[in-house]
């Protein structure tokens, strides 16, 4: 398994004291990012613009509780590298491997509690798509999440979002057609990825990762 270096090491006493002087509006953006694409970046930009956030933190998931029978195509190390390329030059966007350093599956409530322990003064938001919002009631410890988070929901299409009284939420919209599942199929079938869905650097690196894996598999089968 690929080795990982912590993106967010344990804070020192001086780190905690310096953070205590101000409250930051931090939006956590969890997901597989398998692979990251332009739609993810567009979501983060829209959230920053409409909700006055201090930063958006991308948190790739180790393994979603809803996708335990379909592990990610790209390894944790590879997804982190693709995220670094995709967010290069983006202001106020960061990456954390916090979830990847915890045992699977990836529970949002556990991630939120861990983040609050590391950054107790942060005002936390959670960025998600409409499909996740529609299933939010199925998430583990739903009442805890509602009490600790403000949700930002990225709307796609014209359908009205599910009403959830008592949940603090902002709905934002921006158009971007990219889909990770379609991108994975294109990569697997050596087909061109639709223009504008991934930056050239991210697409090239993703293809390189898959080529390396295919070469390794061929060598193993010949051994």
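Each value in this text was obtained by applying a stated rule to the coordinates, not by laboratory testing. Since the structure is predicted, the reported quantities are computational estimates derived from the model, not experimental observations. Cβ sites come from the backbone with ideal geometry, for glycine too, and all protein chains shown count toward neighbours.
Worth a mention:
- Legend: calculated FRET efficiency, residue 173 to residue 77, from the Cβ-Cβ distance at R0 = 35 Å, rounded to 0.05, equals 0.55.
- Helix 76-86 and the longest principal axis of the C-alpha atoms of the chain enclose an angle of approximately 80°.
- Helix 108-118 vs. the chain, principal-axis angle (Cα, 0 to 90°, nearest 10): 70 degrees
- When 134, 122 are sorted by how many other C-beta atoms sit within 10 angstrom of their C-beta, beginning with the fewest, the order is 134, 122.
- Principal semi-axes in Å for the stretch 120-186 [√(5λ), Cα gyration tensor, largest first]: 24, 14, 13
- Degrees separating the helix 38-51 axis from the principal Cα axis of the chain, which is the longest one: 10 degrees
- Enclosing the Cα atoms of the chain in their convex hull gives a volume equal to 141 cubic angstrom per residue.
- Compared with the rule-of-thumb size 2.2 N^0.38 Å for a compact globular protein, the stretch 100-223 has a Cα radius of gyration ratio of 1.41.
- Based on DSSP H segments of at least four residues, each scored -39500 (n - 2.57), the chain has a per-residue ellipticity at 222 nm of -12000 deg cm²/dmol.
- Contact order for the chain, expressed relative to its length and based on alpha carbon pairs under 8 Å spaced 6+ residues apart, stands at 25 percent.
- When the chain is treated as a Gaussian network with alpha carbon springs shorter than 10 Å, the biggest mean-square fluctuation among 70, 61, 174 belongs to 70.
- Which of 88, 67, 205 has the fewest Cβ neighbours within 10 Å, and the rest in rising order: 88, 67, 205
- Estimated inter-spin distance, residue 207 and residue 84, nm [label 7 Å along Cα→Cβ]: 2.2 nm
- Ranked 102, 128, criterion: other C-beta atoms within 10 Å, fewest first: 102, 128
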